[in-house]
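Here is the structure we will look at, set down as structure tokens.
Each reported figure results from applying straightforward, stated rules to the coordinates on display, with no laboratory input. Quick caveat: nothing in here was measured; it's all calculated off a predicted structure. Note that each Cβ is placed from the backbone with ideal geometry, even for glycine, and that neighbours are counted across all protein chains shown.
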Amino acid sequence: MKLGSGEVQMGKVLVIAALIVAGICGAAACAAVQAGSQPRPPSGAPMDSATMARDIARIAMGNGGLAALDNGDGLATVAYCDPATVSGRLRVSIPVSASCGIGYSDGSVWRQTVTVSFDGLGRPVADQASLGTELVQPAGG
């Protein structure tokens with residue numbers, strides 16, 4: 001069975017992202033999410049860092065009410081956020097951030113700080129990513 005270049009490229013991105021994440025935050029401590037995960041409804045209860053990291057990763061990929069992050073050449077398809085780097089708890093009008101490994105549809109993988117702002121009901125209203133560090137370049141460049 002021969003795999004297409006897109007399948008091989010995505011497989012490489014996923015493997016590389018997993019290795020990067022293990023190096024960034026330790027395999028046991030990471031919150032990993034892939035595109036297609038269902039968003040968790042907001043709740044009034046305080047969230048722990050692992051839950052908040054998973055939510056930030058979902059939001060970065062467009063599975064939390066906002067569009068997926070865009071690096072200019074592709075959209076975020078895989079995100080892993082380190083719970084140990086979550087800046088705080090979900091509070092009204094106080095942005096929350098975390099250090100994340102993000103794989104984009106162009107094949108690049110970046111380490112970026114993702115910041116999300118929430119409304120009074122715990123719904124994300126804005127997100128942004130730092131310039132970050134490119135860890136893996138796209139296959140063509």
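Numbers below:
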| read-out | value |
| --- | --- |
| Filtered residues of the range 122-141 (kept if surrounded by 16 or more Cβ atoms within 10 Å (Cβ to Cβ) and of a type outside the set (Gly, Ala, Ser)) | PRO124, ASP127, LEU135, VAL136, PRO138 |
| The range 53-67 - residue that is among the hydrophobic types (A, V, I, L, M, F, W, C) and in contact with a Pro (Cβ under 6 Å, 6 or more places away or on another chain) and, of those, farthest from ASP127 (Cα to Cα) | ALA53 |
| Residues within the range 98-141 that are without any contact (Cβ under 8 Å) to a residue 60 or more places away in the chain, under 24 Å from SER49 (Cα atoms), in contact with a Pro (Cβ under 8 Å, 6 or more places away or on another chain) and part of a loop (DSSP other than H, G, I, E, B), tallied | 0 |
